[in-house]
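This report refers to the structure that appears directly beneath it.
The values are calculated or read from the model by the stated rules, or taken from the named source; none is laboratory data. Everything numeric here is computed off the predicted structure, so don't read it as measured data. Please note: Cβ atoms are built from the backbone with ideal geometry, for glycine as well, and neighbour counts cover all protein chains shown.
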Amino acid sequence: MSDSAFANPHLPDHTQEPWLAVVAGLIFRHGRLLITQRRAGDHLGGLWEFPGGKLEAGETAAEGLCRELREELGIEVRVGARLALVEHRYPERNVRLEFFRCTLLRGEPQPLGCQATAWVTAAELAHYEFPAADAQLLAQLRSSPLLWA
């Protein structure tokens with residue numbers, strides 16, 4: 001996807017420093033959302049997140065997300081609509097996160113590339129600690145019951 005697809009005057013300028021392209025899936029099932037816990041030794045280790053990972057060179061967002069979910073959780077998904085685009089600066093790196101609604105097609109999530117998995121309700125999200133970059137999306141999820149249907 002070209003940078004022009006992300007043209008937004010409220011987002012940071014990408015010409016000054018590199019941004020890490022990350023994709024994540026929002027997988028809902030029976031009123032619950034799949035979250036994963038980062039491994040202790042990883043960046044932001046121990047925190048919970050929406051499953052996904054870094055795009056590799058030449059991958060589309062959908063290709064990268066399917067690959068990451070297969071590698072990390074052993075599942076196959078269909079990637080749907082993009083629900084959010086977030087850009088966040090951590091002291092050690094800058095990330096551009098794209099969140100997509102995904103449909104679970106095959107497999108039951110297993111913690112192959114993460115520490116743990118959980119299926120949570122909107123109310124239960126408050127009991128898990130997420131990276132700062134996810135704050136806006138978490139607020140949207142808590143206030144949008146139609147997303148959970």
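Here are the numbers for the structure shown:
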{"read-out": "Segments classed as strands (runs of 3 or more DSSP E), wholly inside the stretch 24-122, with at least 1 members that are of a type in the set (A, V, I, L, M), under 23 Å from Trp148 (Cβ atoms) and in contact with a strand residue (DSSP E or B) (Cβ under 7 Å, 6 or more places away or on another chain)", "value": "32-37, 76-89, 94-106, 116-120"}
{"read-out": "Ala126 at pLDDT below 95 and closer than 18 Å to Gly46 by Cβ", "value": "yes"}
{"read-out": "Residue within the stretch 34-45 that is in contact (Cβ under 8 Å) with a residue 24 or more places away in the chain, buried (at least 19 other Cβ atoms within 10 Å of the Cβ) and hydroxyl-bearing (Ser, Thr, Tyr) present", "value": "yes"}
{"read-out": "Any hit, the stretch 75-86, residues being within 14 Å of Ile27 (Cβ to Cβ), touching a residue at least 12 places away in the same chain (Cβ under 8 Å) and among the basic types (Lys, Arg)", "value": "yes"}
{"read-out": "Residue check for Glu92: over 18 Å from Gln37 (Cβ atoms) and free of Cβ contacts under 8 Å to residues at least 24 places away in the same chain", "value": "no"}
{"read-out": "Any hit, the stretch 90-111, residues being more than 12 Å from Ile27 (Cα to Cα), crowded, with 17+ Cβ neighbours inside 10 Å and of a type in the set (Gly, Ala, Ser)", "value": "no"}
{"read-out": "Gln140 in a helix (DSSP H, G or I), polar (S, T, N, Q) and either at negative phi or under 15 Å from the mean Cα position of the chain (by Cα) (or both)", "value": "yes"}
{"read-out": "Test: residue in the stretch 7-16 that is in contact with an Asp or Glu (Cβ under 7 Å, 6 or more places away or on another chain), at pLDDT 95 or above and either surrounded by fewer than 19 Cβ atoms within 10 Å (Cβ to Cβ) or over 21 Å from Trp148 (Cβ atoms) (or both)", "value": "no"}
{"read-out": "Residue among Glu124, Glu98 that alone is acidic (Asp, Glu) and without any contact (Cβ under 8 Å) to a residue 24 or more places away in the chain", "value": "Glu124"}
